[in-house]
Amino acid sequence: MTELHWLSIAEASSLIERREASPLDLVDASLQQIDAVGARTNAFITVLADKARVTARSAADEIARGERRGPLHGIPVAVKDLFDVAGVPTTAASKILAGSIAATDSGAVERLRAAGAIILGKLNLHEFAYGATGMDSHFGPARNPWNADHITGGSSSGSGAAVASGQCFAALGTDTGGSIRIPASLCGVVGLKPTFGRVTRRGLFPLSWSLDHAGPMARTVRDVALILQAISGRDDGDDWSSAEPVPDYAASLSSDVNGLRIGVPDSFFFDALDPDVESGVRGAIGVLEDLGAVVEPVSLPHIADIPAGVTCIMLPEALAVHQKWMQERPDDYSESVRYRLELGSTVNALSYVQAQRFREMAVRAWRDEVYSRFDLVATPATAVPAPRIDESDLAVTMNLIRFTNPINLLGAPAISVPCGFTAAGLPFGLQLTGRWWDEATVLRAAHAYEQATDWRERRPAF
Amino acid sequence: MSMDDPARRAAALAASAGLKLPDARLAQVAFGLAGVAAAAATLARHDYGALEPASRFVAPPSR
């Protein structure tokens with residue numbers, strides 16, 4: 001039998017439902033795995049072992065009374081250390097916030113708890129979520145479970161490492177330019193950036209208001225769907241969260257992809273790819289076609305200019321958050337984050353406004369020219385597998401974000417699902433991007449692909 | 001140095017946001033400034049419709 005900590009949420013939940021395992025068994029299995037591999041992955045900043053055990057006992061009592069809340073009840077999950085958890089520090093992996101205790105739960109954590117999930121701890125990240133490598137953390141970088149000489153990707157570095165190494169069943173991450181999808185790709189797990197506004201950001205330390213998204217990471221698409229279900233929907237504490245109806249995501253997974261229209265870009269997303277990544281992604285698209293999807297080339301409007309829009313929005317929005325600390329204690333930032341914040345001062349107001357107008361134009365163009373013809377766009381999530389930790393940060397960062405950050409400007413839902421390994425044994429992901437609010441189709445296609453392949457069966461060797 | 005000098009310009013822009021750029025950082029930020037300027041130029045090329053639709057004005061009569 002598979003060890004408990006490697007089960008999917010769906011499998012573990014089924015054991016709980018049948019009383020063949022208890023929430024405490026799952027928490028203890030996760031804690032044992034953290035003990036076993038935690039030091040080598042550095043995925044956690046804070047482990048809430050005692051609190052998790054107390055919550056697990058309480059969950060077991062509720063379930064014994066016949067008050068099981070649903071598939072997440074009793075499941076240990078962890079959150080990027082950017083989400084507030086009441087009574088626990090929210091460090092953002094920074095020196096500046098180290099020791100800052102959150103007064104209340106963030107909206108997403110509140111919803112996870114309401115669904116019965118057990119918060120196991122807070123996960124490492126690139127400082128203030130402002131970097132795609134995960135290398136700059138006040139607590140040291142997380143390490144890739146597949147090869148500790150390689151980065152995890154970021155900024156949700158600990159989320160990717162912890163899920164990939166079985167230290168928790170799922171995690172929350174955030175994604176402003178790819179920070180869920182990049183570590184998902186590089187660590188070999190599933191990561192979903194939902195539609196902008198789908199998931200509350202209340203109690204989440206911001207990076208860039210108009211680009212920030214929160215979302216789930218897990219080992220299977222179904223598990224991502226279960227977490228998304230719990231955290232989606234309008235939150236009156238987040239004015240930018242949407243009241244758009246939330247469908248039953250898990251139910252949508254039962255469908256096939258026959259007749260689904262998938263566009264494959266004729267440029268940009270297939271430029272300068274690692275050869276293993278290119279063959280793996282093209283093979284994955286072929287699998288979807290074999291399953292009945294209709295695959296055709298697509299030209300993506302404004303794609304080459306979208307990164308310029310991201311630049312002129314993210315840089316000043318991030319500095320606006322950090323301006324006071326950058327004036328008073330700039331030396332307390334890591335080199336890479338300080339540099340990006342300083343650059344924020346060089347974007348003038350006109351460029352910021354033009355970038356927001358460009359965003360509206362690009363969204364209209366994708367809606368009218370892409371999503372009128374296609375249900376999904378299929379691309380690599382990253383151009384490369386996990387780079388070595390001693391490679392240049394700036395060059396690595398620019399290469400890592402180039403297929404993910406355009407989607408943040410659009411605000412459309414996008415998933416990275418594992419679709420292969422390089423000859424050196426490093427994973428990489430297929431990115432499927434869908435229509436606004438149509439996470440269900442994104443999940444359905446990713447699930448169909450996942451079920452047709454066996455990448456999810458692989459485990460990193462420690 | 002004039003404001004055409006990227007390092008001086010970077011320092012001035014940072015100062016406008018209340019940031020002090022030590023000399024050791026000027027070259028790096030000035031280098032990044034070029035990238036920001038290129039992004040801004042890219043965005044400035046587009047017609048965002050303030051004068052749109054383009055068809056609102058008829059072509060001037062030929063003489």
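Any read-out appearing in this document is the output of simple, stated calculations on the displayed coordinates, not a laboratory observation. For clarity, every value in this text was computed on a predicted model and none was experimentally measured. So basically every Cβ, Gly included, is an ideal-geometry build from the backbone, and we count neighbours across all protein chains shown.
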A chain fully extended from A:Ser372 to A:Arg40 at 0.36 nm per residue, minus the present Cα-Cα distance, gains in nm 114.8 nm
What is the extension gain from A:Asp271 to A:Trp325, computed as 0.36 nm multiplied by their sequence separation minus the C-alpha to C-alpha distance, in nm to one decimal?
15.5 nm
Quick check: pseudo-label points 7 Å beyond the Cα along Cα→Cβ at A:Ser254 and A:Glu278, how many nm apart are they?
4.2 nm
On the formula 1/(1 + (r/R0)^6), with r taken between the Cβ atoms of A:Gln356 and B:Ala41 and R0 of 22 Å, the FRET efficiency rounded to 0.05 is 0.85
What is the calculated FRET efficiency for B:Ala15 to A:Val294, with r their C-beta to C-beta distance and R₀ = 60 Å, to the nearest 0.05?
0.60
For region A:1-46, listing trypsin sites (Lys or Arg not before Pro) in a DSSP loop whose Cβ sees at most 16 other Cβ atoms within 10 Å gives A:Arg18, A:Arg19
Using θ = phi - 60° and the Karplus relation 6.51 cos²θ - 1.76 cosθ + 1.60, list the HN-Hα couplings for region A:365-373 in order, rounded to whole Hz, with x at every Gly or Pro.
5, 5, 4, 7, 9, 9, 7, 7, 10
Taking 35 Å as R0, compute the FRET efficiency from the Cβ-Cβ separation of A:Ser392 and A:Gln32 and round it to 0.05.
0.40
Ranked by how many other beta carbons lie within 10 Å on average, peptides A:160-166, A:206-212, A:290-296 from highest:
A:160-166, A:206-212, A:290-296
Using a 10 Å cut-off around each Cβ, can you sort A:Phe358, A:Phe403 from fewest to most neighbouring Cβ atoms?
A:Phe358, A:Phe403
Across 5 Å bins from the origin, how do the percents of Cα pairs in region A:254-303 run, short distances first?
5, 20, 23, 23, 17, 9, 3, 0
Please report, to two decimal places, log10 I(q)/I(0) for the protein assembly as shown at q = 0.05, 0.11, 0.12 Å⁻¹ as given by the Debye formula with identical point scatterers on the Cα atoms and no solvent.
-0.19, -0.90, -1.07
Principal axis extents for region A:17-89, Cα atoms only, whole Å, descending order, please.
38, 27, 19
Calculate the spin-label point distance for A:Glu457 paired with A:Ile101, positioning each point 7 Å from the Cα along the beta-carbon direction, and give it in nanometres.
4.9 nm
Under Stokes-Einstein, region A:177-235 at 10 °C and 1.306 mPa s, with its Kirkwood radius over C-alpha pairs, diffuses with a coefficient in µm²/s of 134 µm²/s
Of A:Val321, A:Leu376, A:Phe196, farthest towards positive along the dipole that unit charges on Lys, Arg, Asp, Glu beta carbons give the protein assembly as shown
A:Val321
Distance in nm between B:Ala24 and A:Thr2 label points, each 7 Å along Cα→Cβ, equals 5.0 nm
Expressed as a whole number of Å, what is the distance separating the alpha-carbon centroids of region A:24-67 and region A:70-86?
11 Å
Contact order relative to length for chain A, counting C-alpha pairs under 8 Å separated by 6 or more residues, stands in percent at 17 percent
Could you give the size of the charge dipole of chain A about its Cα centre, using +1 on the Cβ of each K and R and -1 on the Cβ of each D and E, expressed in debye and rounded to the nearest 20?
540 debye
Quick check on the exposure proxy: order A:Cys419, A:Cys168, A:Cys187 from fewest to most C-beta atoms within 10 angstrom.
A:Cys419, A:Cys168, A:Cys187
Everything considered on the Cα gyration tensor (a ≥ b ≥ c; rounded for a/c under 1.5, else prolate if a/b is larger than b/c, else oblate), region A:119-230 must be described as oblate
Could you tell me which chymotrypsin sites (Phe, Trp or Tyr not before Pro) in region A:256-300 are loop residues by DSSP with no more than 10 other beta carbons within 10 angstrom of their beta carbon?
none
Hull-based mean projected area of region A:48-131, where the convex hull spans the alpha carbons, in square nanometres
5.6 nm²
Quick one: the Cα spread of region A:227-383 along its three principal axes, in angstroms, biggest first?
58, 42, 30
